[in-house]
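The values are calculated or read from the model by the stated rules, or taken from the named source; none is laboratory data. Only a predicted model underlies this, so the values are computations on that prediction, with no experimental measurement involved. Glycine also receives a Cβ, built like all others from the backbone with ideal geometry; neighbour counts cover every protein chain displayed. Accessible surface areas use protein heavy atoms only, side chains included; no ligands, DNA or RNA. Shrake-Rupley method; radii C 1.70, N 1.55, O 1.52, S 1.80 Å.
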Amino acid sequence: MTNNGKPRTLFEKVWDAHTVRDESEDSPAVLYIDLHLVHEVTSPQAFSMLRERGLKVRRPDLTIGTMDHSTPTTPRNELGIIPVADAMAAKQLDTFTRNCDDFGIPMYALGDEHQGIVHVIGPEKGLTQPGMTIVCGDSHTSTHGAFGALAFGIGTSEVGHVLATQTLLQNKPKTMAVNVEGKLEEGVTAKDIILAIIARIGIGGGTGHVFEYRGEAIRDLGMEGRMTVCNMSIEGGARAGMVAPDDSTFEYISGRQHAPSGAEWDAALAKWRQLPTDDGAAYDQEITLRAEELIPMITYGTNPGMGMPITAAVPAPDDERDYNKKTALDKALAYMDLQPGQQLLGKPIDVVFIGSCTNSRISDLRQAAKFIEGRQVAESVRMMVVPGSQQVKRQAESEGLDEVFRSAGAEWREAGCSMCIAMNGDQLEPGQYAVSTSNRNFEGRQGKGGRTFLASPLTAAASAVAGVVSDPRAML
């Protein structure tokens, strides 16, 4: 699949197929959007803009809404209702309901059996498909790139533009091949891959680029592992992350609610098989990691690039030659109350959070439950397990995973973003340390004054049991 005989990358094929108008010196390209995902936090102003200008949603059939950011994850009451105690959250949810109703947008409301985190329900409903362009007013939209889609987050004004026109103005990004060759050792997961990549390139290393993740270790991941890797592309500065579709992709999509069927499935497969990068296609940049050299990762600072192997020591600011990096590390260690040269292994923790659009799918919960079964969460630790959707929750309960967590002393919650963004009381207290499977460790991200170590579900489960930051390989 070439353009004028020139080999093309996966990204270039999807970009070219959706370009309504090419980029020029005076204006960005106009890109057609196949799927627009909306939620209650970044959409109110966009809908207000439509009303002010007397506009309709151009393609409500290509727009899907879900409640996730402001939804409480506390257990249902005796009437089966999830009560919303936070007045601001309740207003956001009510406004979102009215907006979706007024503009004819299908929406999964709080309590709906299909409700969940926007980047979890898209794939599980079969809405996310190879070769698509997908946008959402959320930075972790890159998750959907695991399917060979070009997916990225957009701002509030852009949400309004897509609602009104089903197109988006975009400057064409560059490309970066991120190769992860070889096989992972036991106890090392998809989350460790992406944390290692970001630790290597830094939070700005991918600026202006779309990552294409390649190599044996990526191919060996299931679709949910690939979603975890693509999810955090934005944390490395990338505009998006993509994995070329293959048989694992097609098997995952087949039979889902919005997947093609019959002759349409055959036609889609034929089209999707043409998407992988052509032999000889060139990337603007390329990096390679060896999977067998990776070990469980953990962050120590206040951005996802401040990560290290779990057996390493906290770096010293004085070793940084770059003034800005030295200053940032100084500030981060002061906030985290850590010392240069300090080991994080054995560091007492207060909270473990398993959830978020990064690590709240059924495979994540199975992984944590398998580790924790027959063990107990340390008395000093609060462990919260928050499934990414009501479908994930039902699947986990049908497998008895909820009882494994409860028996170990963990909290089993309803679906939602939860502690990832410190909503509805799901948050750290000032000074508390958490091992979290979420995607960001910014100051106050999980609660004012809270301190976050990002890690995999395995590392989180091991730390919950031990009561301190722990290497899961020592307990497998």
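The table below gives the values:
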item	result
Neighbour net charge for T63 - beta-carbon separation under 15 angstrom, K R +1, D E -1	-3
Accessible area (Å², per residue) of segment 1-53, counting only protein heavy atoms and a probe of 1.4 Å	51 Å²
Tensor-based shape of segment 398-462 (alpha-carbon gyration tensor, a/c under 1.5 rounded, otherwise prolate or oblate)	prolate
Of all accessible heavy-atom area on segment 154-209, the percent that carbon and sulfur account for (1.4 Å)	50 percent
18 Å reach of a label modelled at W265, 7 Å along Cα-to-Cβ, counting backbone N of segment 128-169	128-130
Relative contact order of the chain, pairs being alpha-carbon contacts under 8 Å that are 6 or more residues apart, as %	17 percent
Extent along principal axes [Cα atoms of segment 67-205; Å; largest to smallest]	52, 42, 28
Under the Karplus curve 6.51 cos²θ - 1.76 cosθ + 1.60, θ = phi - 60°, whole-Hz ³J(HN,Hα) for segment 368-380, x wherever Gly or Pro sits	5, 5, 4, 5, 8, 4, x, 10, 10, 5, 4, 4, 7
Rounded if a/c under 1.5, otherwise prolate or oblate - segment 241-349, Cα gyration tensor axes	prolate
Charge tally in the Cβ shell below 9 Å around M384, where Lys, Arg are +1 and Asp, Glu are -1, M384 excluded	0
Solvent-accessible surface (1.4 angstrom probe) belonging to K271, in square angstrom, nearest 10	150 Å²
Accessible-area value, S157, 1.4 Å probe, nucleic acids and ligands omitted, Å²	90 Å²
For segment 151-198: Kirkwood Rh in Å [reciprocal of mean 1/r, alpha carbons]	14.4 Å
Prolate/oblate/rounded call for segment 344-476, Cα gyration tensor, a/c under 1.5 rounded	oblate
³J(HN,Hα), Karplus 6.51/-1.76/1.60, whole Hz, each residue of segment 306-322, x for Gly, Pro	8, x, 7, x, 5, 8, 7, 10, 4, x, 9, x, 5, 7, 7, 7, 7
Relative contact order, percent, segment 418-462 [alpha-carbon distance under 8 Å, six or more residues apart]	38 percent
Calculated P(r) of segment 130-247 - Cα pairs past 19 Å, %	43 percent
Total formal charge among the other residues, if their Cβ is under 11 angstrom from that of N359, Lys/Arg +1 and Asp/Glu -1	0
D (Stokes-Einstein, µm²/s), Kirkwood Cα radius, segment 336-379, 0.692 mPa s at 37 °C	251 µm²/s
Cα-derived Rg to Rh of segment 8-62, Kirkwood definition	1.07
Most to least accessible of E429, E379, E397 (protein chains only, probe 1.4 Å)	E379, E429, E397
Computed over segment 74-140: relative contact order in percent, which uses C-alpha pairs under 8 Å that are six or more apart	16 percent
Stokes-Einstein diffusion coefficient of segment 428-476, Kirkwood radius over Cα pairs, 25 °C, 0.890 mPa s, in µm²/s	223 µm²/s
Distribution of pairwise C-alpha distances over segment 214-300, 5 Å bins, in %	2, 10, 17, 22, 20, 14, 8, 5, 2, 0, 0
The chain, Cα convex hull volume normalised per residue, Å³	154 Å³
Largest to smallest accessible area among D318, D138 [probe 1.4 Å]	D318, D138
For segment 321-411, the spread of Cα positions along each principal axis, largest first, Å	53, 27, 16
Solvent-accessible surface (1.4 angstrom probe) belonging to F152, in square angstrom, nearest 10	10 Å²
Helix-only [θ]222 nm of the chain, DSSP H runs n ≥ 4, -39500 (n - 2.57) each, per residue, nearest 500	-9000 deg cm²/dmol
Segment 13-144: translational diffusion in µm²/s, Stokes-Einstein, Kirkwood Rh over Cα pairs, 4 °C, 1.567 mPa s	80 µm²/s
For segment 190-247, radius of gyration divided by Kirkwood radius, i.e. Rg to Rh on alpha-carbons	0.95
Greater than 23 Å apart at Cα, pairs in K13/K271; K6/K191; K125/K370	K6/K191; K125/K370
